[in-house]
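A quick write-up on the structure given underneath.
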Amino acid sequence: MSARIFSIANQKGGTGKTTLSMNFAAGLALRGRVLVIDADPQGSAGQWCSLSADNKPFPVSVIAVGGNLAREAERFAKDYDFIVIDCPPTLENSNMALAMQVSDDILIPVLPSPVDLWASIRLTDAIEHAKIRNRKLKPYIVINQLEPRSALSSAMAEALQEFNIPTLRSSVRRRAIYRNAAVEGVSVYCMGKRGEAAAKEIDEIIEEIL
Ligand SMILES: Nc1ncnc2c1ncn2[C@@H]1O[C@H](COP(=O)(O)OP(=O)(O)O)[C@@H](O)[C@H]1O
Ligand SMILES: [Mg+2]
């Protein structure tokens, strides 16, 4: 068996890569063995785990990429069912290209505004380029921080249609619980009743992709 490898990527910072990586990984951990590879030099995924209390450890191992990301992912692939790569917020970092080279799926969290979506355009070129060598690579846009109780604006829906990349039906709402979980170094799955709605939407994303 070889792990299914997911990259969480957007060359823009602050779109929710680390938040999605960690919660998606925690949800996958209910379905198999998961490894998170922190490929962002800022090391946010690693920091996240360092905040966990001893009696509530994060359910997934997180390692910082040391050498060649593609080689490391391939080496770990036989020991895990899923690998989640939290990508750097720039296309200039060589780990970005390596992540796309080894991944099965690439999840692109975008904020629900057309301006943010257009800022992700260079990533779509990079994906097309990566697909020449990695034909299995499947990209998906994941709307993050969708306003509670409001639908996607028609401007945003229109902008999404101009992309070659499909948008997941399931999206992530803006919820304080995502920030609270990060502060405690846990996932929304560990936040009891307060985290239920968030855990449910992460589960829906996982089911839609798997
Ligand atoms: N769905 C969400 N609801 C509320 N806050 C969020 C959500 N997603 C991300 N955030 C917050 O937005 C900020 C940026 O998210 P982060 O995951 O660090 O982005 P990136 O890794 O792309 O830079 C963080 O403070 C995070 O807690
Ligand atoms: Mg990050």
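The values are calculated or read from the model by the stated rules, or taken from the named source; none is laboratory data. On a predicted model such as this, the values are computed, not experimentally measured, just so you know. Cβ atoms come from the backbone with ideal geometry, glycine included; neighbour counts cover every protein chain shown. These area figures cover heavy atoms from the full protein model, side chains too; ligands, DNA and RNA do not enter into them. Shrake-Rupley method; radii C 1.70, N 1.55, O 1.52, S 1.80 Å.
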Where the centre of each part is set by its Cα atoms, how far does the range 83-158 sit from the range 178-198, in angstrom? 24
Computed over the chain, Cα set: Rg, Dmax in Å: 16.0, 47
Quick check: pseudo-label points 7 Å beyond the Cα along Cα→Cβ at W118 and A155, how many nm apart are they? 1.0
Given Cα pairs under 8 Å that are at least 6 residues apart, what percent is the relative contact order of the chain? 26
Dipole of the chain, Cα-centred, from +1 at each Lys and Arg C-beta and -1 at each Asp and Glu C-beta, to the nearest 20 debye? 220
5 angstrom amide H check on I141, placed H, neighbours 5+ away: I108, T167, L168
Semi-axes a, b, c in Å (a largest) for the range 37-135, each sqrt of 5 times a Cα gyration tensor eigenvalue, come to 25, 19, 12
Which residues qualify? For R4, with a placed amide H closer than 5 Å and at least 5 residues away or on another chain, they are F82, I83
Gain in span if fully extended, E162 to A176, counting 0.36 nm per residue against the direct Cα distance: 2.0 nm
Under the rule of -39500 (n - 2.57) per DSSP H run of 4 or more residues, summed and divided by the residues of the chain, what mean residue ellipticity at 222 nm is obtained, to the nearest 500 deg cm²/dmol? -11500 deg cm²/dmol
Those GluC sites (Glu not before Pro) from the range 63-98 that are DSSP loop and have at most 12 other Cβ neighbours within 10 Å turn out to be E92
Report the far tail of the P(r) of the range 46-93, meaning the percent of Cα-Cα pairs longer than 11 Å. 76
Carbon + sulfur, % of accessible area of the range 168-210 - ligands and nucleic acids excluded, 1.4 Å: 50
For Y140, tell me the accessible area in Å² from a 1.4 Å probe, rounded to the nearest 10. 40
Averaged per residue, what accessible surface does the chain expose to a 1.4 Å probe, in Å²? 47
Counting alpha carbon pairs within less than 8 Å and at least 6 residues apart, what relative contact order, in whole percent, applies to the range 4-107? 46
Efficiency by 1/(1 + (r/R0)^6): what FRET value for E92 and K193, r their Cβ-Cβ distance, R0 = 30 Å, to the nearest 0.05? 0.10
So what's the range 82-160 giving for Cα Rg divided by 2.2 N^0.38 Å, two decimals? 1.18
Given C-alpha coordinates of the range 1-94, what is the ratio Rg to Rh with the Kirkwood estimate of Rh? 0.95
